[in-house]
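Visitor: One structure coming up, written as structure tokens, with questions to follow.
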Amino acid sequence: MIEGSVTATRQQARVAGWLYLLLALIGPIGLLYVPGQLIVPDNARATADNLRASGALLRLGIVSDLAHQIVAVFLVLALYRLFRAVNESQARLMVVPIVFVNTLNDIAALVLVSGAEFLAVFERPQLDALAYLFLRLHGEGITVASIFWGLWLFPFGMLVVRSGFIPRALGVLLIVAGVGYLVSAFARLALPAYGPLVSQVLSPLMVGELPIIFWLLIWGVKGPGAAAVAAGPSAIGQDA
């Protein structure tokens, strides 16, 4: 019976790994690639022209934002089921901010360059400036959300360290990545002149989030803690 439970737990870990990988593949499209293609720093007119010429690209970014947040919901549920036997209270802390509302900024930018009749009361430079503003607001919303993405990695990392079925080093890397997210976000908000430099310096720390994805995909759960977590919280408590 325990062996069957271990197999089920391993499959559950791999489901979480696939969801995590999907999140890692979808997220950068809307978070990095699309803004990098459309936004010309400090140039509202050029940015608006890019937007008019490539509205479909921004729509792709919107779909990416929404899709990766939907996947994030299912990922958190999968991780909660996997780790609740380790520490249920900490597993409940693995929440991610739902930034669906932030996509409204991108939608607003699309509307502003759409040429809709009701916008005729505005001059084109005004519309360009407003479109640029909303795209920048979307970026700032992502910066705020990244604070919570960093905070989420702390309970996740602690659960990995305590689990006994995933190497502790991977949990430490998650916590280090969380520190990277937090410091980078606060630098961008509090010290905008140095924010890009700080993010560049700390980007290697954020890569610490990646190894757990491949561990979950390839090995799932492994080691003496696998049988304990399959048996339930009481077995883990006795093992400790």
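Visitor: Any idea which of His68, Ala8, Leu205 is furthest toward the positive side of the dipole for the chain, if Lys and Arg beta-carbons carry +1 and Asp and Glu beta-carbons -1?
Guide: The Cα lying farthest towards the positive end belongs to Ala8.
Visitor: If R0 is 25 Å, what FRET efficiency do you get for Ser54 and Gln200 from their C-beta distance, rounded to 0.05? Spell out each step's value before the answer.
Guide: Values: r = 27 Å, r/R0 = 1.06.
Given R0 = 25 Å and the Cβ-Cβ separation, E is 0.40.
Visitor: Put +1 on the Cβ of each Lys and Arg and -1 on the Cβ of each Asp and Glu in the chain; which of Val172, Ala53, Leu135 then has its Cα farthest toward the positive end of the dipole?
Guide: Farthest along the dipole direction, towards plus: Val172.
Visitor: Which order do peptides 113-120, 18-25 fall in by mean Cβ count within 10 Å, highest first?
Guide: Top of the packing list down: 18-25, 113-120.
Visitor: May I pose another question? Just to verify a number: what accessible area does Arg188 come out at with the full protein assembly present, 1.4 Å probe, Å² rounded to tens?
Guide: 100 Å²
Visitor: Quick one: putting +1 on the C-beta of Lys and Arg, -1 on the C-beta of Asp and Glu, what dipole do you get for the chain around its Cα centre, in Debye to the nearest 20?
Guide: Taking the Cα centre of the chain as origin, the dipole is about 580 debye.
Visitor: Where is the GNM fluctuation largest for the chain (alpha-carbon springs, 10 angstrom cutoff): Val176, Val34, Val201?
Guide: Val201
Visitor: Still on this structure, please answer the following. Alpha carbons only, please: Rg and Dmax for region 80-167, in angstrom.
Guide: Looking at region 80-167, its Cα Rg and Dmax stand at 20.7, 64 Å.
Visitor: Using the Kirkwood radius over Cα pairs, work out the Stokes-Einstein diffusion coefficient for region 78-123 at 37 °C and 0.692 mPa s, in µm²/s as a whole number.
Guide: The diffusion coefficient I find is 231 µm²/s.
Visitor: Based solely on its DSSP helices, what 222 nm [θ] is calculated for the chain when runs of n ≥ 4 H residues each add -39,500 (n - 2.57) and the sum is averaged over all residues, nearest 500 deg cm²/dmol?
Guide: On the way: 12 runs with 185 residues, N = 240.
The helix-only estimate for the chain comes to -25500 deg cm²/dmol at 222 nm.
Visitor: Could I ask something else about it? Computed from these coordinates, which is log10 I(q)/I(0) by the Debye sum over Cα atoms at q = 0.07, 0.16 Å⁻¹: [x] -0.24, -1.14; [y] -0.30, -1.07; [z] -0.23, -1.27?
Guide: Of the labelled values, this structure produces [y].
Visitor: Could you let me know the centre-to-centre spacing of region 60-134 and region 168-182, using Cα atoms, in angstrom?
Guide: Region 60-134 and region 168-182 have Cα centres separated by 25 Å.
Visitor: Dipole of region 83-221, Cα-centred, from +1 at each Lys and Arg C-beta and -1 at each Asp and Glu C-beta, to the nearest 20 debye?
Guide: Taking the Cα centre of region 83-221 as origin, the dipole is about 580 debye.
Visitor: Could the peptides 159-166, 127-134 be put in order, highest first, of the mean number of other beta-carbon atoms found within 10 Å of their residues? Provide the component values of the computation, followed by the final result.
Guide: Numbers: 159-166: 22.5, 127-134: 20.5.
For the peptides 159-166, 127-134, the packing ranking is 159-166, 127-134.
Visitor: Moving on. Where does helix 195-206 land angle-wise versus the long Cα axis of the chain, in degrees 0 to 90, nearest 10?
Guide: Rounded to the nearest ten degrees, it is 30.
Visitor: Per residue and in cubic angstrom, what volume does the convex hull of the Cα atoms of region 1-138 have?
Guide: Per residue, the Cα convex hull of region 1-138 comes to 113 Å³.
Visitor: If you average the sequence gap of Cα pairs under 8 Å that are 6 or more apart and divide by the length of the chain, what percent do you get for the contact order?
Guide: Value for the chain: 27 percent.
The values are calculated or read from the model by the stated rules, or taken from the named source; none is laboratory data. Quick caveat, the model's predicted, so the values are computed rather than measured. With ideal geometry, Cβ positions are generated from the backbone for all residues, glycine too; neighbour counts draw on all protein chains shown. Areas reflect the complete protein model, heavy atoms only, side chains present, ligands, DNA and RNA absent. Shrake-Rupley method; radii C 1.70, N 1.55, O 1.52, S 1.80 Å.
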